[in-house]
Amino acid sequence: MQGDIKSLVFDLDGTLYVNNGLGFAINLSACRYMADLKGIGIDEANMLIKETRERLSAKSGIDTPLSLACMEQGGDIKELHRGFAEDIQPERFLSRDERVVDLLKFLAGKFELYIYTNNNRSLSSRIMNAIGIAGLFRQVFTIETSWRPKPDRVTLEEILSEIGRKPSECLFVGDRYDIDLRLPAEMGCAVFLVNSVEELFPLCKLMNEENL
Ligand SMILES: [Mg+2]
């Protein structure tokens with residue numbers, strides 16, 4: 001890990017918590033939206049979204065975010081997110097993991113912490129409250145920041161400019177390499193891939209390696 005890291009930029013969903021039930025609820029809400037839009041059933045909408053994601057991913061060579069697949073099928077990203085915010089009760093699925101809360105508090109004493117998520121402001125804030133990490137971040141960049149989901153180079157450049165950091169001063173942390181990390185890595189940021197909450201804990205080592 002480079003010694004000049006000043007800012008840690010975390011993805012939220014699947015990174016600072018992992019919950020299959022909530023992931024399922026988000027997908028179901030997208031299916032409902034596409035079903036209404038196309039006048040088809042929920043199962044058919046599910047297949048349509050899945051096939052669209054696979055087709056776009058095969059074309060681009062990288063994973064496709066759910067919202068991009070819906071937009072490809074004529075969906076409106078603001079409408080989609082309005083549905084998420086109305087349909088989904090994240091509190092039903094989530095609880096605090098004190099290990100994550102303590103880790104972030106520890107890191108917040110040394111680094112500037114940020115969130116950069118494809119989720120919307122309403123759901124992100126309810127999720128952060130439910131898992132006990134609200135208030136630990138200097139800024140939360142949500143889909144409303146640009147209405148262009150990650151990965152998006154222009155939005156990423158705007159975020160780096162907004163936080164006033166060079167790529168070499170940032171470490172990006174996320175659970176999907178193509179969505180969260182590939183572009184920051186290409187721009188010269190440090191990146192850290194996690195597949196579970198447990199895989200976050202080695203970030204503590206940053207405190208010692210920084211040696212300040
Ligand atoms: Mg994620």
Open item on the list: Taking just the alpha carbons, could you work out the radius of gyration and Dmax for the chain, both in angstroms?
Closed with: 17.3, 59
Open item on the list: Among ASN118, LEU160, ALA190, whose Cα projects farthest towards the positive end of the dipole of the chain, with charges put on the beta-carbon of Lys, Arg (+1) and Asp, Glu (-1)?
Closed with: LEU160
TODO: Give me the lysines in straight-line cross-link reach of LYS110: C-alpha distance below 19 Å, same-chain residues under 8 apart excluded.
DONE: LYS6, LYS166, LYS205
Open item on the list: Report the gain in length on full extension from LEU193 to ILE42: 0.36 nm times residue separation, minus Cα-Cα distance, nm rounded to one decimal.
Closed with: 51.1 nm
- [ ] Determine which lysines satisfy two conditions relative to LYS59: a Cα distance under 20 Å, and not lying fewer than 8 residues away in the same chain.
- [x] LYS50, LYS150
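Since every read-out is calculated from the coordinates, none of them should be taken as a lab result. Being a predicted model, the structure only gives us computed values, none of them experimental. No Cβ is skipped: glycine too gets one built from the backbone with ideal geometry, and neighbour counts run over all protein chains shown.
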